[in-house]
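The values are calculated or read from the model by the stated rules, or taken from the named source; none is laboratory data. Values in this document were obtained by computation on a predicted structure and should not be read as measured data. Neighbour counts are summed over all protein chains in view; Cβ atoms, including those assigned to glycine, are modelled from backbone coordinates with ideal geometry.
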Amino acid sequence: MSRSDPRAVVLAAARPLFARYGFKKTSVDEILRAAGVSRATLYSYFAGKEEIFNEVVREEAAKLQRSVEEAVAAEATYSLKLRAYFQSLFGSLTECANLHNLSADVVTEIVPLAHGATVDVRDALLARLTQLLRDGVAAGELYVDRPEMVAEGLDAVIVSLQRLFLSRRDTPAMYAGIYDLFELTLRGMRTRGDDDCSTPREEKR
């Protein structure tokens, strides 16, 4: 990052402030002091604190997406790609939370606020998960009847677990529990179901 790029300087200064104090308790004046730029300079790039916050969130979400894509691309089979998808999501969240020392109170405040700014990335990640399931089925590695519905269900679980994980990441068993949950899910996807289960059994005579 170069000091000749005031926009990047403002975002870099605002990121740790939002992480430490949350959105409401971080003021524009604090961002100005941390960035070392004038009010006029800040407002020439941003409409206000909300736009700065949204841009910080978008940058973090984009980093998360790149991390997931790189992890998935590094694996050869679809089972391993799905495992990498889940592990990278929560691994990147852990790294981000620890790097910025996010408190439970800050997580509770900023996660809902960040929802709107991360819609594009969340949609892209859901599309990636859906495609992984489709490709895994086509390759004969996975047995999933409705990849789109399964992907949406998994995405809903991931979103719920992300908030819980961020607010309780100091609990050692938390990551292990999440990992076990998705390992169990993957095991089910790799197992061919009983074909007779979908048809009613004949009544005993």
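Output yes when any residue across region 106-120 is in contact with a Ser or Thr (Cβ under 7 Å, 6 or more places away or on another chain), of a type in the set (A, V, I, L, M, F, W, C) and either assigned to a loop (DSSP other than H, G, I, E, B) or modelled with pLDDT under 95 (or both), and no when none is. Break it down stepwise before answering.
First, the residues of region 106-120 that are in contact with a Ser or Thr (Cβ under 7 Å, 6 or more places away or on another chain): 107-108.
Still in the running and of a type in the set (A, V, I, L, M, F, W, C): 107.
With the extra rule that they be either assigned to a loop (DSSP other than H, G, I, E, B) or modelled with pLDDT under 95 (or both), the set shrinks to 107.
Yes, region 106-120 has at least one match.
When region 1-35 is filtered for residues that are modelled with pLDDT of 90 or more and in a loop (DSSP other than H, G, I, E, B), the ones remaining, listed by number, are Asp5, Phe23, Lys24, Lys25, Thr26, Ser27. When region 36-83 is filtered for residues that are without any contact (Cβ under 8 Å) to a residue 24 or more places away in the chain and either part of a loop (DSSP other than H, G, I, E, B) or touching a Gly at 6+ places or on another chain (Cβ under 6 Å) (or both), the ones remaining, listed by number, are Ser38, Ala47, Gly48, Ala74, Glu75, Ala76. Residue pairs whose Cβ atoms lie under 8 Å apart, sitting 6 or more positions apart in sequence or on different chains, and linking a residue in region 12-35 that is more than 15 Å from Ile110 (Cα to Cα) to a partner that is polar (S, T, N, Q), are Leu32/Ser38. Would you mind stating whether Arg58 is within 30 Å of Tyr179 (Cβ to Cβ), modelled with pLDDT under 95, surrounded by 20 or more Cβ atoms within 10 Å (Cβ to Cβ) and among the charged types (D, E, K, R)? No, not satisfied.
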